[in-house]
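Nothing in this text is a laboratory measurement; each read-out follows from the coordinates by a stated rule. As the structure is a computational prediction, the values presented were derived from the model and not from experiment. We place every Cβ from the backbone using ideal geometry, glycine too, and count neighbours over all the protein chains shown.
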């Protein structure tokens with residue numbers, strides 16, 4: 001199977017396997033059979049489960065797990081938003 | 001000024017129970033209301049909804065929510081809504097509510113929304129029945145959002161959706177999937193409905209800030225985007 005098909009297959013597995021159900025994980029399969037996983041999840045258990053599931057699908061591949069468990073710290077600032085139209089010039093992108 | 005806290009895409013299940021509670025304990029010091037922008041659960045099961053009820057119920061401020069696509073996966077959204085409602089969480093779908101805050105009356109209208117894409121690159125209700133159904137689902141959702149917004153009698157009007165009303169807050173996602181992440185029809189409803197702020201989730205790799213063509217500020221509060229328990233906006 002080409003690497004592109006493996007990428008697509010793994011992304012569908014991570015979304016459609018109800019024990020995983022992660023749609024926001026980026027999967028990148030290199031030509032050296034190294035699979036890099038990245039994205040954000042809500043728990044360390046989910047991070048491990050993603051790696052294990054990909055390992056089941058691709059035995060023999062080396063998995064680099066760069067998935068991050070999200071912070072749940074409270075915010076330390078608030079954003080002030082005046083009512084009325086936002087100015088066009090400040091096209092508000094990060 | 002009204003203080004609005006918001007987060008989306010928290011995907012709560014038993015393994016997440018208790019994670020948000022420490023930050024939520026001080027919520028009333030920072031906000032008058034908490035908005036949950038959909039994808040509250042992993043699959044939309046009753047058991048997961050019970051976890052959401054434990055995690056986000058019984059807070060010191062009103063909690064208003066819309067469901068997301070994950071909350072529909074088990075095909076029992078009404079059961080999820082019932083469990084959340086029993087926990088005191090107000091779930092909006094083509095409806096709105098007004099919260100009396102110290103800074104004025106906050107009106108929030110909510111829908112899950114749906115996809116279709118944005119101006120110049122959007123799907124049209126043409127061809128196969130599946131394609132027409134896809135687009136008409138979004139049209140109906142946008143229409144109900146517009147109606148809910150216009151019915152609100154309030155000082156500050158907020159639109160709460162799961163899907164995005166603008167492409168600005170999708171920047172960072174692959175452009176090929178923008179049509180699955182939102183629709184300009186939601187943005188049009190927000191502009192025509194006189195919203196002061198639009199809040200959404202869904203786009204985990206998107207951007208935090210945008211605006212509609214009519215100038216309404218849009219904030220993507222998906223947890224992977226804000227990377228904290230919730231964001232706080234001081235509106236007005």
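Rounded to the nearest 500, what is chain B's calculated 222 nm mean residue ellipticity when only DSSP H runs of at least 4 contribute -39500 (n - 2.57) each, over all residues?
-8000 deg cm²/dmol
Can you give the mean number of other chain Cβ atoms that lie within 10 Å of the Cβ atoms in peptide B:220-230?
4
Apply the Debye scattering formula to the stretch B:131-196, with a single equal point scatterer on each alpha-carbon and no solvent, then give log10 I(q)/I(0) at q = 0.29 Å⁻¹.
-1.25
With a point put 7 Å past each Cα toward its Cβ, work out how far residue B:47 is from residue B:151 in nm, to one decimal.
Going from the residue B:47 label point to the residue B:151 one covers 3.6 nm.
For the ranges A:77-85, B:36-44, what's the packing order if you count other beta-carbon atoms within 10 Å of each residue, average per peptide, and put the highest first?
Details: A:77-85: 13.8, B:36-44: 27.2.
Result, highest mean Cβ count within 10 Å first: B:36-44, A:77-85.
For helix A:3-16, report the angle its Cα long axis makes with the longest principal axis of the Cα atoms of chain A; keep it between 0 and 90° and round to the nearest 10°.
Its long axis makes an angle of about 70 degrees.
So how far apart, in nm, are the two label points at residue A:11 and residue A:57 if each is 7 Å from Cα heading toward Cβ?
Each label point is offset 7 Å from its Cα along the Cβ direction, giving 1.1 nm.
Compute the distribution of all C-alpha to C-alpha distances in the stretch B:88-153, in bins of 5 Å from 0, and list the percent of pairs in each, rounded to whole numbers.
Each 5 Å bin holds this share of Cα pairs: 3, 17, 19, 18, 14, 11, 8, 5, 3, 1, 0.
Can you give the Rg/Rh ratio of the stretch B:1-86, where Rg is from the C-alpha atoms and Rh is the Kirkwood radius? Don't jump to the answer; show the numbers that get you there.
Numbers: Rg = 12.3 Å, Rh = 12.8 Å.
Ratio of gyration radius to Kirkwood radius: 0.96.
Output the Cα-based Rg and Dmax of the stretch B:46-120 in Å, rounding Rg to one decimal and Dmax to a whole number.
14.1, 45
Whole angstrom only: what separates the Cα centroid of the stretch B:61-109 from the Cα centroid of the stretch B:6-59?
12
Regarding the stretch B:1-147, what is the average projected area of its C-alpha convex hull, in nm²?
So the Cα hull casts an average projection of 10.1 nm².
Any chance you could run the full-extension gain for residue B:54 through residue B:133? It's 0.36 nm times the residue separation minus the Cα-Cα distance, nm to one decimal.
Numbers: separation 79, 0.36 × 79 = 28.44 nm, distance 3.59 nm.
Roughly 24.9 nm would be gained on extension.
Just counting partner chain Cβ atoms within 10 Å, what average do the residues of peptide B:23-31 show around their Cβ? Walk me through the intermediate numbers first.
Working: counts 5, 2, 1, 1, 1, 0, 1, 5, 2.
Neighbouring Cβ atoms belonging to other protein chains average 2 per residue here.
Across peptide A:40-49, what mean number of C-beta atoms from other chains lies inside 10 Å of a residue's C-beta?
4
Run through every distinct alpha carbon pair of chain A and return the Kirkwood hydrodynamic radius in angstroms, one decimal place.
Working: mean 1/r = 0.0638 Å⁻¹.
15.7 Å is the Kirkwood radius here.
For the protein assembly as shown, what size does the Cα cloud have along each of its three principal axes, sorted from largest down, in whole Å?
Ordered largest first, the protein assembly as shown gives principal extents of 61, 48, 39 Å.
For the stretch B:96-236, just the Cα atoms, rotate onto the principal axes and tell me the three extents in Å, largest first.
Largest first, the stretch B:96-236 extends 51, 33, 23 Å along its Cα principal axes.
With only alpha-carbon atoms counted, please give the Rg and Dmax of the stretch B:168-236, in Å.
Computed over the Cα atoms of the stretch B:168-236, radius of gyration and Dmax are 11.9, 36 Å.
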